[in-house]
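First the structure, then my questions, so here it is.
The values are calculated or read from the model by the stated rules, or taken from the named source; none is laboratory data. The structure presented is a predicted model; accordingly, all values stated were derived computationally and were not measured. Methodologically, a virtual Cβ is constructed for each residue, glycine included, from the backbone with ideal geometry; neighbour enumeration extends over all protein chains shown. Quick note on the areas: whole protein, heavy atoms, side chains included, nothing else; ligands and nucleic acids left out. Shrake-Rupley method; radii C 1.70, N 1.55, O 1.52, S 1.80 Å.
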Amino acid sequence: MIVAEKKPIEEIIDMVKDHEKLLVVGCNECVTVCEAGGKKEVGVLASALRMYFMNQGKKVDIDEITLERQCDHEYLEELRARIDQYDAVISLACGVGVQFMAETYFNTPVYPGVNTCFMGVTEERGVWSERCQGCGQCILGRTAGICPISRCAKRLLNGPCGGSAKGKCEISKDLDCAWQLIIDRLQELDRLDDYEEIAPIKDWSTERAGGPRTVVREDVRQ
Amino acid sequence: MSTKTPSKLEKILDSGALAVTSECGPPRGSDPAAITRKAEMIKDYVDAINITDNQTSVTRLCSLAACIHLKQMGLEPVLQMVVRDRNRIAVQSDILGAASFDIYNMLCLSGDHQQFGDNPQGQNVFDLDSMQLLQTVRRMRDEGKFLGGDDIQRPPRMLVGAAANPFADPFEIRVPRLAKKIAAGAEFIQTQCIYNLEKFEEWMKLARDRGLHEKVHILAGVTPFKSAGMAKYMKNRVPGMDVPDDVVKRMSGVPKENQPQEGIDICVETITRLQECEGVRGFHIMAIEWEEKVPEIVERSGLYPRPQV
C-alpha cells in the first residue's frame, strides 16, 4: 500500500486559514490502513480545526466525508453535486488522490492533509516500512525476494557496501542492511552462489528518471 | 596480470616488489598548497598517492583537480571516484577528464552515505554501483567504448582498483565479494584499515584458497592512531571498522604524550607482520591529516627506498 503520515495541524491551518467553508475528504484505501487519512482521521482533523477556528473567534464551516478511493473517477464523482458549496478541500488521500481531486474539480482549491511517504507494509500496528520504489523493472527474482533499490540506502545492486555491520545499515542501527537480508535468504534457499553473479548496470529509464510514467493496456481499455 | 597501462603503480606491482601507496584528503577550500604540501612530505616514500573523493560526504576540493596538481608535480595520483555523486554521464566524462591529464590509476568506490557529511539533505545518485563502475572503466579502457556503445577517441589507460573491507558484515560473503570485484575488472585492491590482524589473515587465507591473490594485487590498508581517543572513535563510530579491544587497551595504556608514537609503532608492527602474509602485494598507508609520519612508517617497515621504474 501507499503509506502516508498526517501533516502537522499547524501546517494545515496555515494553508486553509483564509477559507470559510471547508470539506475534509478521507480515503478508504491505503491511508485508512496506515491510519493517516481514513474516516477516523477525517473526524479528528475536522474537530481540531473547528476547535482552532472557534478559539480564534472565526466562523468556519467544516464538513467531513470519506470516499472509497480518491484515485478513481467513479468515487470522486460522488462530490460533483456538492463541491461548489465549499471554498476549499483538504484531502487526506495520498498525493495521488490529492492530485486527482484537483484535476477533477479544477476551480476548487485542494490542500494535502498528509505527507505521502512510500509504498510499504504494516510490520505491526503503528510501524510501516518501505518495500518498493516502483522502478518499473522488478529484480526481486534475482535478489531473493528482497529489494535493494528500496531497502538499501545506496540502492546498490551488488551490495553490501563496507558499512554493513551486525546486520544493520551504516546510516542507522535501526535499519536492516538489505544485503544482509538478501544474503541470509540466499543461504536459506541454498542459492548463495547466485551472489557472485554481477547484477548488470540498470536501465533506470523505467523509473522516475525516465520522466512521468503511463501504463496503457489496449486489451482492457474501453 | 600483464602490464596494460603506463601506470607506475602497475609496473611496481608487476615487478613483484611490495608497493606503497598513501592518500591525501583535499582541502575544504581552493588553496592548491594544501595538497602540494602534503604530497611533498610523502612523495619520496610512496609509489602513488590516492586523492579521496569528498570522503565521509564532506564537500571538498574535487579529487580530479587535486590529482592534476599531483600530476603537475611529476607524481603518480590514484583518482578515487565515488558513485554517490555522479550519474553515468558524469562518471564517464570525469574518467575522460582524468585520462586527458594522463592519470593512470583509479579507485572505484560507492562512497559513504551523504547523511555523514555536510549536506545530509542532499540527493544521492547511485546510478551505478562500485562494481558497475569497475566494469565501466574497464570497458572504456579495454574496448575503447562508452557505455552507450560509441567509440572513444583516445580511450583512458588506467589501472583499475577497488576497495575491500574484510571486516564488514556478513563475513561469509567478504571473499565472494572480492571475487566479484575481480570479475568486474579490479586489478588492485586497497583494503579497509587493518587492526584485527587475525581476521584479516583469515580473509587472506580464504582468498588464497580460491586463488584470488593471483588475480589481483592486494594492498593492505593501515592507519596509525594518533591517540587512544581516535582508536575508540574508530572502534565505536566509524562504520565497517574493526578495532579489537586489546588495541584500544594498548593505546590507552600509555601516557597521552606517548600515544602518537604508540600508534606509529602499532602501524609499523602491522606492516611488518603482514609482509609475511602470502598474497599481500603492498601497503596503503592512510595517515589521516598526519602525512608527515608516512616517511617514518615506510622507513621503519623496511620499505624504503622505493623502487625506481
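Any lysines with Cα under 18 Å of the A:LYS21 Cα? List them, leaving off those in the same chain fewer than 8 positions away.
A:LYS58, A:LYS59
Then there is this: Please give the residues from segment B:160-190 for which the solvent-accessible area of heavy atoms, probe 1.4 Å, is smaller by at least 50 Å² with all protein chains in place than with the chain isolated.
Flagged in segment B:160-190: B:ASP169, B:PRO170, B:GLU172, B:ILE173, B:ARG177, B:LYS180.
Can you pull the Rg over Rh of segment B:8-215, Cα-only, Kirkwood?
So for segment B:8-215, dividing Rg by the Kirkwood Rh gives 0.95.
For chain A, the longest stretch holding no trypsin sites (Lys or Arg not before Pro) located in a DSSP loop with at most 16 other Cβ atoms within 10 Å is which?
Between exposed loop sites, the widest span is A:83-124.
Find the sum over both chains of the accessible area lost when A and B are paired, probe 1.4 Å, and report it in Å² to the nearest 100.
2600 Å²
Whenever you get a sec, compute what percent of the accessible area on chain B sits on carbon and sulfur atoms (1.4 Å probe). Working shown, then result.
Numbers: 5840 of 12150 Å².
Carbon and sulfur together cover 48 percent of it.
Here is a further query. Calculate, in whole percent, how much of the Cα-Cα pair population of segment A:47-134 lies beyond 15 Å. Intermediate values should be presented prior to the final figure.
Details: 2573 of 3828 pairs.
Summing the P(r) of segment A:47-134 above 15 Å gives 67 percent of all pairs.
Carbon and sulfur: what percent of segment A:95-158's accessible surface (1.4 Å probe)?
Carbon-and-sulfur percentage of accessible area, whole number: 54.
Report the extension gain between B:SER227 and B:LEU197 in nm, rounded to one decimal, defined as 0.36 nm multiplied by the number of residues separating them, less their alpha carbon distance. Before the final figure, lay out each step's value.
Values: separation 30, 0.36 × 30 = 10.80 nm, distance 1.96 nm.
Extra length available between B:SER227 and B:LEU197 comes to 8.8 nm.
Across every pair of different alpha-carbon atoms, what Kirkwood hydrodynamic radius in Å does chain A reach? Intermediate values should be presented prior to the final figure.
Working: mean 1/r = 0.0498 Å⁻¹.
One over the average 1/r among Cα pairs gives 20.1 Å for chain A.
Now for a different question. Name the longest site-free stretch of chain B, where the excluded sites are GluC sites (Glu not before Pro) in a DSSP loop with no more than 14 other beta-carbon atoms within 10 Å.
In short, B:1-275.
Provide, as a two-decimal number, the C-alpha radius of gyration of segment B:95-215 over 2.2 N^0.38 Å, N being how many residues it has.
That ratio works out to 1.20.
From the residues A:LEU67, A:GLN56, A:GLY159, which one has its Cα farthest along the dipole of chain A in the positive direction, the dipole being from +1 and -1 charges on Cβ of Lys/Arg and Asp/Glu about the Cα centre?
A:GLN56
Shifting gears a bit: Which angle between 0 and 90 degrees, to the nearest 10, do you get for helix A:39-55 versus the longest principal axis of chain A when only C-alpha atoms count?
50 degrees
Give the lysines reachable from B:LYS8 as a straight Cα distance under 29 Å; neighbours fewer than 8 places away on the same chain don't count.
B:LYS38, B:LYS43, B:LYS71, B:LYS145, B:LYS180, B:LYS181, B:LYS205, B:LYS215, B:LYS293
Follow-up. Kirkwood hydrodynamic radius of segment A:133-205 from all distinct Cα pairs, in Å? Can you show the working numbers first?
Numbers: mean 1/r = 0.0797 Å⁻¹.
The Cα-based Kirkwood calculation yields 12.6 Å.
Give or take rounding to whole Å, what are the principal axis extents of the alpha carbon atoms in segment A:170-222, in descending order?
That gives 47, 29, 23 Å along the principal axes, largest extent first.
As a test of understanding, state the convex hull volume per residue of segment A:66-181 from its alpha carbons, in Å³.
145 Å³
Report the residue, chosen from B:ALA287, B:ALA33, B:ALA66, that carries the largest GNM mean-square fluctuation when chain B is represented by alpha-carbon nodes joined by springs under 10 Å.
Among B:ALA287, B:ALA33, B:ALA66, the largest mean-square fluctuation in the Gaussian network model of chain B belongs to B:ALA33.
What is the dipole size for segment A:2-118, taken about its Cα centre, with +1 at each Lys and Arg Cβ and -1 at each Asp and Glu Cβ, in debye to the nearest 20?
The calculated dipole for segment A:2-118 is roughly 340 debye.
Determine the residues within segment A:180-202 where the difference in accessible area between the chain on its own and the full set of protein chains amounts to at least 50 Å²; count protein heavy atoms only and use a 1.4 Å probe.
Output list: A:TYR195, A:GLU196, A:ILE198, A:ILE201.
Sticking with this structure for a sec: Using all C-alpha to C-alpha distances in the protein assembly as shown, build P(r) with 20 Å bins and read off the rounded percent in each one.
The distribution over the protein assembly as shown is 19, 44, 25, 12, 0, given as percents.
In percent, how large is the relative contact order of segment A:1-151, given Cα pairs closer than 8 Å and 6 or more residues apart? Please list the in-between numbers first.
Numbers: 270 pairs, mean separation 42.0, N = 151.
Normalised by residue count, the contact order of segment A:1-151 is 28 percent.
Using a 1.4 angstrom probe, figure out how much accessible area the protein assembly as shown has per residue, in square angstrom, rounded to the nearest whole. Walk me through the numbers before you get to the answer.
Values: 24390 Å² over 531 residues.
That works out to 46 Å² per residue.
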